[in-house]
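Shown next, in structure tokens, is the structure this report addresses.
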Amino acid sequence: MLQHLLTSEFQRLGSVSRFLRGRPMIHSLAAAMSNQLQNTSSLSTAGTWNLLDVRNSSPVRTAELRPLSVSPWDIALCVTGTLISCENAIVIAILFYTPTLRAPMFILIGSLAFADLLAGLGLILNFVFIYMLNTEFVTLISVGLLIAAFSASVLNILAITVDRYLSLYNALTYHTERTVTFTYVMVVLIWLVCIILGLLPVLGWNCLRDEASCSICRPVTKNNAVVLAVTFLLVFALMMQLYLQICKIAFRHAQQIAVQHQFMAISTTKGVSTLSVILCTFAACWMPFAMYSIVADSSYPMIYTYATVLPATCNSVINPIIYAYRNPDIQKSLWLACCGCVPSNFSLRPRTSSDV
């Protein structure tokens, strides 16, 4: 009995063995399923780690793809530059298309308008270069243009003051060919000096290789900024001296003018008051920036630089109003250009040597 049971059991085991040997696909499928499960587990684990890596690296990539934030101060400077360009472009167009406006006074007004126009375009280009083409060469070109333009603006204001002084001091010989020649020579010298000043950063007077020597306006060096600021103070002191001389001459003329020539006295007084407005505006706009350029350097907060640069640029916004749009001849040309006629209540009095 026991032997029969053992024989039956061996036969059953043999059948099972033969059944398994006859179905090798089951082993392959099981092995494949096992490998797939292992690969899936490995892939899942690897995917988890890759996801963690991406999450860990996402702040860096987000910073690279994040839109560049624009400073509101730069936007304000760009808007100011646009306003400057539009105002002075109108002045230049009027002077260019009006043949009668060729006196020395209008030559200087045109030179001042051209300088302010370049300053406005320089502010716009500086904004574009900072946020789109921020390279060393482009930065040097932009800064050089701004230095040349604003230096020309300041020196042209000085030239206009000199012209006003000569128009009073040499009233009898002012409207001669010699004065016109002197005016052209003065304008040429102004622009030569300003072009040289604008080329200094490109020629190596910059702090791109030595950040510690930078001024508040990178890449202008501290020494260069101090020289420009001191030059401005000297120009302003000369303008003040000329202003005092103009006041003396104007008041002396006013005392000598008879009652029947009262309009001349009014014109002289108006010229002196205009010079007062000019000098006060000029000082209020440029003096903070000049003084700050002397005492500060690149380590100071940028907000102070912006707060002093913006009023200085606003001087170029005011210049066309003071020098051009207040002039009766330019007003008449502007009316003719815009409306084709002159208002009936518009009075164009004769221009005198004391007008500003």
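When only the heavy atoms of the protein chains count and the probe is 1.4 Å, how do Trp191, Trp205 rank by accessible area, highest first? Don't skip to the answer; put the middle values down first.
Values: Trp191 45, Trp205 140 Å².
Ranked from most to least accessible, the order is Trp205, Trp191.
Principal axis lengths of region 89-235 from Cα atoms, whole Å, largest first?
56, 32, 19
Accessible surface of Ser85 in the full protein assembly, 1.4 angstrom probe, to the nearest 10 Å²?
10 Å²
Heavy atoms of the protein only, probe of 1.4 Å, neighbouring chains included. What is the accessible area of Arg326 in Å², nearest 10?
Its heavy atoms expose roughly 90 Å² to the probe.
Heavy atoms only, 1.4 Å probe, whole protein assembly: order Val180, Val227 by accessible area, highest first. Don't jump to the answer; show the numbers that get you there.
Numbers: Val180 30, Val227 85 Å².
Highest to lowest solvent-accessible surface, that is Val227, Val180.
Residue by residue, what Karplus-based ³J(HN,Hα) values in Hz, rounded to whole numbers, does region 103-112 have, using 6.51, -1.76 and 1.60 with θ = phi - 60° and x for Gly and Pro?
Those phi angles translate into 5, x, 4, 6, 4, 5, 5, x, 5, 5 Hz.
Leu336 accessible area, nearest 10 Å², 1.4 Å probe?
Rounded to the nearest 10, that gives 80 Å².
Which whole-number percent gives the relative contact order of region 66-150, counting Cα pairs below 8 Å spaced six or more residues apart?
Details: 74 pairs, mean separation 30.4, N = 85.
Rounded, it is 36 percent for region 66-150.
Ordering Asp163, Asp329 by how much accessible area each has at a 1.4 Å probe, largest first, what is the list?
On the way: Asp163 5, Asp329 35 Å².
From most exposed to least exposed: Asp329, Asp163.
The values are calculated or read from the model by the stated rules, or taken from the named source; none is laboratory data. Quantities reported herein were computed from a predicted structural model and do not represent experimental measurements. Just so you know, the surface numbers come from the protein's heavy atoms only, side chains and all, with ligands and any DNA or RNA stripped out. Shrake-Rupley method; radii C 1.70, N 1.55, O 1.52, S 1.80 Å.
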